[in-house]
Amino acid sequence: MRIARTLSLYVIRETLVYCALAFFLLTLVLLTQNLLRRLDELFLIGMTMQDVRVVIECIIPIALAYSIPLAFLVGILLSVRRLGADGEIRALSGAGISPTHFLVPYLVLGFFVTAVSAWLMASVEHESRRELVQLFKTAAARGAILEPGKFRQVGPRLVFVEDRDRDGTLHGVMILDQSQKERPFRVFANEGRFRFDEEKAQIELELWNGDVHFTPIEGKPERYERIRFREFEYSMDVGHILGGDFGPVRPKQMNLAELRTVIERANQDDPLRELDQRDPIEYELEIHRRRALPLAPLLFACVAVPIALASEHRGRTPGLLLVLAVAFGYYALTAAMQSVAHQPWISAALASWTPNLAFAVLGIALTLIERKRIPA
């Protein structure tokens, strides 16, 4: 037992080193990808550097749900490669170490990583998504999208504000509206006031003392239309800037109690009109996703160890490609089964747990096939 304990601690230590390196790189890549993808739009709705810091804090828990299992998978491969390169696997085999002793440390780490993933998905991820949406609302409500002295492109509209008072009054407003290609127009107003409608995800401008100039109709350049106004209500949709998660709470932003409440309402024929997604299957899938997906690290351990041992003597590239294929296959199968769950002949529970069942069977099969390669 002393040998088994020493071996387990040694393997765990080696694996954690590579897991930490892979975790840092994967988290950095996922964080950068999600942040840069919308950085321009974030500043467009009035984000400050303080807001960007909060955005990063919100994105990190979301990225961790995927970077932790992947880092664990890569860590297993690299640790086995390191043990094989130094001849330690051959030495363990010669010492008569049983397969159980070699697999236990990876399973122990798998249980630990699974527990962390379960906690993130059950208690942290949905709160981060909800806080992120609230931050978007707050920033947009500040009206910083209309920064004085700068032209702003808001979809098919170009907006310019000459000055802005502390009370929010706008001075020297100019808008070039090209939302209707056949008849663009320009709006000029001496003054105005900004308001942000959260429910409709749009900016509403109350403009005073100005003109609306219409571009002449093609073929009739002599016909020029101009409308003088004393008060004019003008709105701009910014839902495309804020993203699809803006507006009514979505399944991934709800806690488990809220998800169950929505399902109960749907069972009572409630149309769920105030929600962004009205299909109750989406809420059932989210409940099972939070229960099934955290088991990915444990399943990865069962599958990756035999793959890593089988490819240990063939070089690093085949093993790494196989491990990445395993990860891609798991998440691809999960996405496919979620799509299939919208069919009436399969339940949300079966669709969500099928990838776990498939990979559990795959792990057992690979272990039996490669049992001769595992130190014994």
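All of the numbers you see were taken from the coordinates with simple rules; none came from a lab. Since the structure is predicted, the reported quantities are computational estimates derived from the model, not experimental observations. All Cβ positions, glycine included, derive from the backbone under ideal geometry; neighbour counts span all protein chains shown.
Computed values, structure above
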| item | result |
| --- | --- |
| E204-A349 FRET efficiency (beta carbon distance; Förster radius 51 Å; 0.05 resolution) | 0.70 |
| Qualifying chymotrypsin sites (Phe, Trp or Tyr not before Pro) in region 250-354, DSSP loop, other Cβ atoms within 10 Å at most 13 | W345 |
| Of the trypsin sites (Lys or Arg not before Pro) in region 261-306, those whose Cβ has at most 16 other Cβ within 10 Å and which sit in DSSP loop | R273, R278 |
| Inter-label distance, nm, simple model (7 Å from Cα along the C-beta direction), E274/F151 | 4.3 nm |
